[in-house]
Amino acid sequence: MTDFQALDDFLSPALDLPVAGRDGVVRTYRIEDPPAEDGIRIERITTMAARLAAGGSADTAPALDDAEEMDLYRMCLGDAYDELRADLSWHRFRHVALTAMMWITADRETAAAYWATGDAPGKAPNRAARRSASRGSSAGGAASTTPKPASTSGTRAASPRSRKAAPRP
């Protein structure tokens, strides 16, 4: 007896995404799991992009030109590529392709999070969003002046003044 379940019992071979086309009709597009060779190329490309985003050198990781970007989308979308490109606006097409890329390179949960928000997981909010959040959390836009406790254990470090010996009776 084996300790492992059959892979198909829990690993999804496809991603089904409902999208409104240019005609306003919502269709569900099926994105199949890519061949291993395409998956390896997608991983390599996204790893380079992550290095660049983390401040890596552009010399070691060249940016994709338009043709390479479309080739990446073709690899991610597989047989659904032509139909999606014909049916969708650029932003919807790109969103579907990037969702598929998240699914291929990470997992279904990461893809679902991207699908729902349009933000890459772990992406810091932009400056305007940070400002808006800080305004909403403090009165009148002023920074909070309430000090945070130094310790949550109930103890505190002795200050230099409290270290003086107490007078003896």
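The values are calculated or read from the model by the stated rules, or taken from the named source; none is laboratory data. What you see is a predicted model; the values in this text were computed from it and never measured. As a convention, Cβ positions derive from the backbone with ideal geometry for all residues, glycine included, and neighbour counts pool all protein chains shown. Each accessible area value is taken on the protein alone, full model and side chains, heavy atoms only, with ligands, DNA and RNA left out. Shrake-Rupley method; radii C 1.70, N 1.55, O 1.52, S 1.80 Å.
Assorted remarks:
- Pairs meeting the criteria (first residue in region 1-18 and in contact (Cβ under 8 Å) with a residue 12 or more places away in the chain, second residue among the hydroxyl-bearing types (Ser, Thr, Tyr) and open to solvent by 90 Å² or more (accessible area, probe 1.4 Å), beta carbons under 9 Å, at least 6 apart or on different chains) are 16/28; 17/28.
To keep it simple, each residue is scored yes or no on (1) surrounded by 15 or more Cβ atoms within 10 Å (Cβ to Cβ); (2) at pLDDT below 90; (3) closer than 17 Å to residue 105 by Cα.
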| site | (1), (2), (3) |
| --- | --- |
| 23 | no, no, no |
| 28 | no, no, no |
| 43 | no, no, yes |
| 46 | yes, yes, yes |
| 58 | no, yes, no |
| 63 | no, yes, no |
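- The residues of region 76-100 that are of a type in the set (A, V, I, L, M), part of a helix (DSSP H, G or I) and open to solvent by less than 30 Å² (accessible area, probe 1.4 Å), listed by number, are 77, 80, 84, 96, 97, 98, 100.
- Of the residues making up region 1-21, those that are open to solvent by 90 Å² or more (accessible area, probe 1.4 Å) and either in a strand (DSSP E or B) or under 16 Å from residue 84 (Cα atoms) (or both) number 0.
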